[in-house]
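Okay, so here's the structure we're looking at.
The values are calculated or read from the model by the stated rules, or taken from the named source; none is laboratory data. What you see is a predicted model, and the numbers here were worked out from it, not measured in a lab. Ideal geometry is used to build each Cβ from the backbone, glycine not excepted, and the neighbour counts take in all protein chains shown. The protein model used for the area step is the full one, side chains on, heavy atoms only, and it has no ligands, DNA or RNA in it. Shrake-Rupley method; radii C 1.70, N 1.55, O 1.52, S 1.80 Å.
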Amino acid sequence: MNPISPSRKALGGRAARNLAPAVLAAAIITGTAACGGSDTNSTGTARSTRTVSPEPALTRSASPSGRTQQEFAASVSAAAERNRQQAAKLLEGVQGRGNAVEDVSVTGLPLAKTEQFRSAVVRVTNRTDKAAFYAVKVEFVDASGKALDSVVLGFPDTPPGRTVTQNANSRKAAGVKTFPRIAQAERG
């Protein structure tokens, strides 16, 4: 039989168990308060909640570049469009499938009935020793092999020996069972 401690006998078993967390919390609070002063000048500021950087309301923007989230999204979209236009221009002069078809792969993403577009992941591996621009044309084809849509992507400054990815999205192929394929790929 287990011996019962004197404090447990005095308080009863259940009361001692309920009291233990409160005693532990009080010990932690007392120990924290006894740790010493704060290195902040304001009263009542705990060390763990001290502000290290200016409040977002005091700065022009919360982003490091001073741009809003909408401005950043617009600049990303503009850069993607410039890359797409550069890729389309590069692919205009390409005879056949291009010089980089073996460096590119595509995988279709699962299609949900509620999706508004068909999507595929395009991977480009730069097998050269210099950064390169890749232009890739992805076609979304149906079961008979008929191309329903094509999407051109530009992969700027792809590092040597590295693989980069982008999504190719088609609204025209939405709701139809299609398969993505690489129509052309050119390293510029």
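Hey, can you tell me all the residues within the stretch 81-111 that are surrounded by fewer than 18 Cβ atoms within 10 Å (Cβ to Cβ) and assigned to a loop (DSSP other than H, G, I, E, B)? Hits for the stretch 81-111 are G93, V94, Q95, G96, R97, N99, L109, P110, L111. Where residues in the stretch 168-188 are out of contact with any Leu (no Cβ under 8 Å at 6 or more places or on another chain) and part of a strand (DSSP E or B), which of them is nearest to E115 (Cα to Cα)? Per the stated criteria, the residue is N169. Note on the stretch 112-165: enclosed strands (runs of 3 or more DSSP E) holding 2 or more residues that are among the hydrophobic types (A, V, I, L, M, F, W, C) and touching a helix residue (DSSP H, G or I) at 6+ places or on another chain (Cβ under 8 Å) are 132-141, 147-158. The set of residues in the stretch 136-181 being of a type in the set (S, T, N, Q) and open to solvent by 30 Å² or more (accessible area, probe 1.4 Å) consists of S144, S150, T163, T165, Q166, N167, N169. For the structure I just gave you, tell me whether S77 is surrounded by 13 or more Cβ atoms within 10 Å (Cβ to Cβ), polar (S, T, N, Q) and either modelled with pLDDT under 85 or not in a loop (DSSP other than H, G, I, E, B) (or both). Answer is no for this residue.
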